[in-house]
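So the structure is just underneath, and the comments pick up after that.
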Amino acid sequence: MKVHFYLRYGTQFGQTLSISITKDGQTQYQPMLYVNQEFWHFALEITDKKPSGILRYQYELHNTGKISTPDWESERSIDLGEHTKGDVQIIDTWNNAGAYENAFATQPFKNIFFKQDSNPAKVKQATKFTHEFRAKAPMLRAGESLCLLGTGNGLHDWSVTQPILMNRNGDWWSARADLGKDDFPLAYKYGIWDNNTKKFSRFEDGDNRVLYFAGDASNAVVLHDGFVRVPNDGFKGAGVAIPVFSLRTDQSYGTGEFSDLKPLADWASSIGLKIIQLLPVNDTSATSTWTDSYPYAAVSAFALHPLYLNIKAVAGKKHAALLKHFDKKQKQLNSLETVDYEAVMQEKSTAIRLLYDAMAAETFADKAYQVYFEENKHWLVPYAVFTWLKEQNGTSDFYQWKKYSVYQQKEIDALTAAGSKQLKDIALHYFVQWQLHLQLKDAADYAHAKGLAIKGDIPIGIYRYSCDAWVAPELYNMSRQTGAPPDDFAEKGQNWGFPTYNWERMKADDFAWWKQRFEQMSLYFDAFRIDHILGFFRIWSIPLDAIEGILGRFVPAIPVREQEFWQEGIGFNKDRFCRPFISERVLWEVFGDDAIHARQFLQVNEATGTYDLKPEFESQQKVQQWMDQQPASDLNIRLRNGLFNLIANVILLQDEQGNYHFRFGIDKTTSFRYLDDTIKAKINAMYINYFFRRQDDFWQREAMEKLPALKRGTNMLICGEDLGMVPGCVPDVMNDLGILSLEIQRMPKKTGSTFFHPKDAPYLSVVTPSTHDMSTIRGWWEEDRKLSQRFYNEQLQREGDAPFFCEPWINRAIIEQHIYSPAMWSIFQLQDLMGSDGDIRRENPNDERINVPANPKHYWQYRMHLSLEDLMGKKGFNADLKEMLVGSGRG
């Protein structure tokens, strides 16, 4: 018996295809042979006398000099037991990961928007057949199914009254036909059948499909035709973005809670929104201070934040009396304009302990809890022990713990064993996570029932002193810290303090940690935003002795060699390029009249006549440590900032191997400005090449080593936050993988453009006028008078002077531009939606902002100024939004 694999794929010069075939746990990799511009072929000899079992296989495209690309169809298989009489010809169609149809096969569409009958009725298929047709149609709506029509008796001579109806099995539709008496080649097409009217609706688009392969009762032909050609004119959605902590209801506890997502879903569905986008909801309780309000520094990538627990819902009627004396404080905290993080956490922690003492026995005896524990103990037990040890030691910095600073499984098992004296306190965190799981799952299910998807957020990094770093430090580069290069929002760059990922180690176990993370998220979320997706191409890596992000560099990166400077006629002076350049003029330029005080940190370099930093002040970390011991004063702040600038006043940075990399933004350094003009021009050319040309192919390969495997690890819809300094390869990779891009009107990606118009967005994208890291529409309008005037004339196409303030009609016009965009999703911060109504928006737009990226110590405490109950009652506002959404086809 032979199995012939024919793959439809039109290759280009230098491309080849291969196939991997797995049977009985054994995998073989074979090159395929070129047949013609349409097909590649491989024949597999089956030597078993009675072939049986499932044969699984996958195709891979090889490009010279590039990472191989796998076919995105991961479920290819054939049951050999169904084909025992002769040879089998399998005709497959390549599935391009970037095809928009794949987006409609993801969780939100399969489970919510285009949900099909979970147990569809089967139609009778031919018992005698020569061909089996299979196709995918993820864009079918409820009540629709596929049918097959074509030339000849076997395909019913194109009869629209009696087509061959197809059965659905998972993602595939299939039908069998006896074409033994028909002439080949023959033409055929798929069609859409209305199950309600029992009538043919329409043919698929495009030319007729052509079948060249004849078969008979002994030699079957199985066709996998890929996606049915249905026009992409049916789905555009809109959504609201808001952190959970920012929600306000009449019953909240000074912060938004998971239970508040239900009234948010009521409001969103009432006006026609289809998605709710949240910030990360993981536990960030590292210091027990307000700095834990930063939602991107989780102490666990899996655990949910106790901040979001509705304690009254936990208590229920049975234990309500335990919380009676908390009512006054709840009302007080809920009346505040912003979140008082420390007060809320203190109150909830006290209440949770009371509830735990009363409810632990019944909770742990619950069979549903026991199932949850077994499915989640891989992260839940380490997290609970970590949290207990953090409390015992007064810090999450496990390097400072006297015991258990190094994770040892045997020690954890002993601490959590039945009868352990510590178990009760540790198991408190089992209890809390179980209750959080119940409440978030309940809210997500409620939203789904309202026709809404929930979109989560995956931070690019982990907190340095997190449970994840404690349990598996080998997965991270603990000697580095990550951030972002300088941009319009942070001129000194950003230092997030997170360790960078050890991608080689993660790849070694097929990215198991990431896949577990996705699996956990998919319990509650249907889609997610990858925070800083550029980090999967290269990450901004900062040495531990630096405070500011300006001293970082991209990792990995192809270094610049000393020889290149000589080749360009520059020569190479390591001290001049790599050490801070501090001349007398530079000293006065940086410090002004404070230069006399700055000399105490410097020593004269006799060889050059310039200054060097004294060894005890040669890094930003050393300067900061010295300054922390000094009395607070304006002078010391100026000295610190000036010394930070001097330390960063270099042209090249050296990595751990001694290789050289350009410092970002050298043109803004005095070290560069004081070079000879001819040398400056040559170095600048090398700098441009380093950042904007030489790395592109390298970074593309890096991304393709990670992102395809990670995307395969989940069926959630993936959206990438591709903002900032975007390498040229990023759009191609995201398009090739079908990852939705983020398009922001005031952050155009096209070089030389001031604005991006939402009408120019690609379909597989999310458009938004602002994010949590920016001012809202109204805030932005007032930041730069010249810019808003230009926007008024060019983007809104209005003549004359722009209003000084962002009047409601301007806010509404900007929202309308986004709603009518061709993008799959238009998502708005709730503040921006409310900004279009002069009666309900805040008076001061600066009070609407969630985060200021330039401030690493920002307090994340924004809350809605209206309750969700009040928002639901704003009839005119809601009716106006609904009219816009319905009119645009998004409602």
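The values are calculated or read from the model by the stated rules, or taken from the named source; none is laboratory data. Because the structure is predicted, anything quoted here is derived from the model rather than measured. With ideal geometry, Cβ positions are generated from the backbone for all residues, glycine too; neighbour counts draw on all protein chains shown. The area values use the complete protein model at the heavy-atom level, side chains included, leaving out ligands, DNA and RNA. Shrake-Rupley method; radii C 1.70, N 1.55, O 1.52, S 1.80 Å.
Put simply, of R202, R176 the only residue that is out of contact with any Lys or Arg (no Cβ under 8 Å at 6 or more places or on another chain) and either over 29 Å from Y59 (Cβ atoms) or of a type in the set (F, W, Y) (or both) is R202.
Taking the criterion of being out of contact with any helix residue (DSSP H, G or I) (no Cβ under 6 Å at 6 or more places or on another chain) and small (G, A, S), the residues of region 682-723 that qualify are A685, A709.
Please verify whether S20 is hydroxyl-bearing (S, T, Y) and part of a strand (DSSP E or B), treating the condition exactly as stated. Yes; evaluated as a whole, the condition is true for this residue. When region 458-478 is filtered for residues that are assigned to a helix (DSSP H, G or I) and under 18 Å from F528 (Cβ atoms), only D468 remains. Within region 331-357, residues that are touching a residue at least 60 places away in the same chain (Cβ under 8 Å) and closer than 14 Å to F245 by Cα sit with their Cβ atoms under 8 Å from residues that are open to solvent by 20 Å² or more (accessible area, probe 1.4 Å) and of a type in the set (F, W, Y), at 6+ positions apart or across chains, in these pairs: Y341/W290; Y341/Y859.
For region 458-489, the tally of residues that are more than 25 Å from K377 (Cβ to Cβ) and open to solvent by 50 Å² or more (accessible area, probe 1.4 Å) stands at 5. Where helices (runs of 4 or more DSSP H) fall entirely within region 490-587, those with at least 1 residues that are within 18 Å of the chain's Cα centre (by Cα) and surrounded by fewer than 22 Cβ atoms within 10 Å (Cβ to Cβ) are at 503-508, 512-521. Residues of region 446-457 that are crowded, with 21+ Cβ neighbours inside 10 Å and part of a loop (DSSP other than H, G, I, E, B): L452 alone.
Residue pairs whose Cβ atoms lie under 8 Å apart, separated by 6 or more positions or on different chains, with the first residue in region 267-286 and closer than 17 Å to I827 by Cα and open to solvent by 10 Å² or more (accessible area, probe 1.4 Å) and the second in a loop (DSSP other than H, G, I, E, B) and of a type in the set (K, R), are S269/K450; G272/R890; K274/R890.
What is the residue count in region 189-228 for residues that are out of contact with any strand residue (DSSP E or B) (no Cβ under 8 Å at 6 or more places or on another chain) and either closer than 29 Å to G887 by Cα or crowded, with 17+ Cβ neighbours inside 10 Å (or both)?
Narrowing region 189-228 to residues out of contact with any strand residue (DSSP E or B) (no Cβ under 8 Å at 6 or more places or on another chain): 196-198, 205-207, 212, 216-218.
Going one step further and asking which of them are either closer than 29 Å to G887 by Cα or crowded, with 17+ Cβ neighbours inside 10 Å (or both), we end up with 196-197, 205.
Here the count works out to 3.
Inclusion of L186 among residues that are crowded, with 18+ Cβ neighbours inside 10 Å, free of Cβ contacts under 8 Å to residues at least 40 places away in the same chain and of a type in the set (A, V, I, L, M, F, W, C) is warranted. The lone criterion from (1) touching a residue at least 24 places away in the same chain (Cβ under 8 Å); (2) surrounded by fewer than 17 Cβ atoms within 10 Å (Cβ to Cβ) left unmet by F13 is number (1). The condition (being over 30 Å from L452 (Cβ atoms), in contact (Cβ under 8 Å) with a residue 12 or more places away in the chain and assigned to a strand (DSSP E or B)) is satisfied by just one residue among I67, I91: I91. Pairs linking a residue in region 542-566 that is farther than 18 Å from V650 by Cα and in contact (Cβ under 8 Å) with a residue 12 or more places away in the chain to a residue that is part of a strand (DSSP E or B) and open to solvent by 20 Å² or more (accessible area, probe 1.4 Å), with Cβ atoms under 8 Å and 6 or more positions apart or on different chains, are V555/R480; V555/I539.
Please give the helices (runs of 4 or more DSSP H) falling wholly within region 745-847 in which 2 or more residues are over 20 Å from D487 (Cβ atoms) and open to solvent by 10 Å² or more (accessible area, probe 1.4 Å).
Working: elements: 777-783, 785-794, 808-819, 830-834.
Those helices (runs of 4 or more DSSP H) span 777-783, 785-794, 808-819.
Scanning region 113-129 for residues that are open to solvent by less than 100 Å² (accessible area, probe 1.4 Å) and in a loop (DSSP other than H, G, I, E, B) turns up F114, Q116, D117, P120, A121, V123, Q125, A126, F129.
Quick test of your reading of the structure: A313 fulfils all but one of (1) over 28 Å from P243 (Cα atoms); (2) assigned to a helix (DSSP H, G or I). Name the failing condition by number. Unmet condition: (1).
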